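Remarks on the structure that follows.
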Amino acid sequence: MASFNIVMPKLGESIQEGTITKWFVKEGDTVEEDDMLFEVATDKVDSEIPSPVDGVITKILYEEDSLVAVGEVLAVVSLDGEEEVSAEAEESASEEKSEAKAETTSESKESDVDESRKLSNRFYSPLVKTIAKEENVSLEELESIEGSGAGGRVQKKDILEYLENRGSTQPAAKVAPQKQSAPSAPSVEKKAPMPVSVGEGDTVVEMDRVRKLIADHMVMSKQVSPHVTSVVEADVTELVQWRNKNKNAFQEKYGDKITFMPIFTEAVATALAEFPLVNSSVDGDKIVMKKDINVGIAVAKPDGNLIVPVIRNAEQKNLVGLTKDLNRLANAARNNQLDPAAIQGGTFTITNFGSFGNIIGTPIINQPQVAILATGIIEKKPAVLETPSGDVIAIRHKMYLSLSYDHRIIDGALGGAFLRRIADILENFDTNRTI
């Protein structure tokens, strides 16, 4: 009797595991091809996974809230319509299932884990952190373990092997040498949060999963990167007039509305190609300068959370291509249809404070990037213009651009020059370009 194993799909190049947040089926249910089976959460994206076959769900191997590695068997479908369980699937899933259960249980103990661990810029699964806590493995020791997972990630077997060799006369094979460098973010002492009193009539709202991720990511970014913010004001009158003149024809010709964001993205991509150090990441005491220019655009979702889909190779695309990419990604993000891979690999981020009527903002860097641009609202303002016959006061369209950057590798001169270059590109927008 034929059966089919449903496995955890690979939802992105760097994604190695996902959390099952919801099952849409139960054992014994009949499913058809493309029926939704389960919802999986990776980073800030929730994806619904359809069935690739027709059949009957004979076994579900992982419960909701289980953290499962990519490729692991999640469920078994009988193609003959009879209930049967793949022994191979059960055997291969048993160990991972117990691990997932331990990791799920450990999440409830997160508040008991040493707070200093949260200062690390290296990811550790709840299971690894629980083992470290139970075995009194210090953060410094944990940071020194060379992981065998993707990107050097420490897995269960790595920390167990380290514990076996701990204290022996011979150095453990999996332990990386300590770098003699300046103190990193993990050495910063984290203060306990201020106690909050709840009074009569106050409403207490539990953060959802995505909001917790955002909160942790923002706190980590401020602890890892010394933030500096520079601000310029740009006269974008010519750009505004060009868009007003051509927006209807653009939509009629290409089927997409053109906003100011694709124009900002084009300017940023051009400037990044000229200032490659801004398109980089910091890895310990090394600087990784990125070959590709992948610009992330912060999008506010209807639930109030924020997500950053990425336009890849932005410097290679014209205004039409950028507009189509941006509209497609923004619509997918707002409708919770964004592919997890679409938020991976960004090298620089733009966030639009102006969409909320704000004139200026000081955004937090989206790690592991080293800079983020905020665009303010475009307003009509009186300005002094120089003319052949003397200075005059005229009404101009102006906006503020603010750049937050990582002072570890970007000094004020570089940050200021990069920001000024973006403003110059916008101010000298080619109004003769055709759509």
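So how far apart, in nm, are the two label points at residue 70 and residue 148 if each is 7 Å from Cα heading toward Cβ?
Rounded to a tenth, the inter-label distance reads 1.9 nm.
Quick check on my link table: of 26/59; 301/398; 129/212; 247/381; 247/324, which ones sit more than 20 Å apart, alpha carbon to alpha carbon? Don't skip to the answer; put the middle values down first.
Numbers: 26/59 8 Å; 301/398 27 Å; 129/212 18 Å; 247/381 23 Å; 247/324 14 Å.
In this structure, 301/398; 247/381 exceed 20 Å between Cα atoms.
For the range 1-63, which trypsin sites (Lys or Arg not before Pro) pass both filters: DSSP loop (anything but H, G, I, E, B) and at most 12 other C-beta atoms within 10 Å? Intermediate results must be reported in sequence, preceding the final value.
On the way: sites: 10, 22, 26, 44, 59; in loops: 10, 26, 44.
Sites meeting the loop and neighbour criteria: 26.
Note the full-extension length gain between residue 301 and residue 200 as 0.36 nm times their separation in residues minus their Cα-Cα distance, in nm to one decimal. Numbers along the way, then the final one.
Working: separation 101, 0.36 × 101 = 36.36 nm, distance 3.14 nm.
Extra length available between residue 301 and residue 200 comes to 33.2 nm.
Hey, can you grab everything whose amide H is under 5 Å from the amide H of residue 396? Only 5+ residues off in sequence or another chain; H modelled, so Pro and N-termini drop out.
Hits under the 5 Å cutoff: 381, 383.
If amide hydrogens are placed 1.01 Å from N in the peptide plane, which non-local residues have theirs closer than 5 Å to the one on residue 75?
6, 61
Given 0.36 nm per residue, what is the gain on full extension from residue 328 to residue 54 after removing their alpha carbon distance, in nm?
95.5 nm
Give me a comma-separated list of calculated 3J(HN,Hα) values for the range 263-277, in order, Karplus coefficients 6.51, -1.76, 1.60 applied at θ = phi - 60°, integers in Hz, x for any Gly or Pro.
5, 4, 4, 4, 5, 5, 4, 5, 5, 5, 5, 8, 10, x, 5
Could you rank the peptides 276-288, 60-72 by their average count of other C-beta atoms within 10 Å per residue, with the highest value first? Working shown, then result.
Numbers: 276-288: 15.3, 60-72: 18.4.
Ranked by mean Cβ neighbours within 10 Å, highest first: 60-72, 276-288.
Highest first, please rank the peptides 367-380, 294-307 by the mean number of other Cβ atoms sitting within 10 Å of their residues. Don't jump to the answer; show the numbers that get you there.
Details: 367-380: 21.1, 294-307: 18.4.
Answer by packing, highest mean first, reads 367-380, 294-307.
Show the residues, 5+ positions off or on another chain, whose built amide H is closer than 5 Å to the amide H of residue 146.
It is 175, 176, by chain and number.
Test of understanding: what is the full-extension gain from residue 433 to residue 336, defined as 0.36 nm times their sequence separation minus their Cα-Cα distance? Don't skip to the answer; put the middle values down first.
Numbers: separation 97, 0.36 × 97 = 34.92 nm, distance 3.54 nm.
Roughly 31.4 nm would be gained on extension.
Computed from the coordinates by the stated procedures, all read-outs in this text should not be read as laboratory data. Computed from a prediction, not measured in an experiment: that's the story for all the values here. Backbone-built Cβ (ideal geometry, glycine too); neighbour counts: all protein chains shown.
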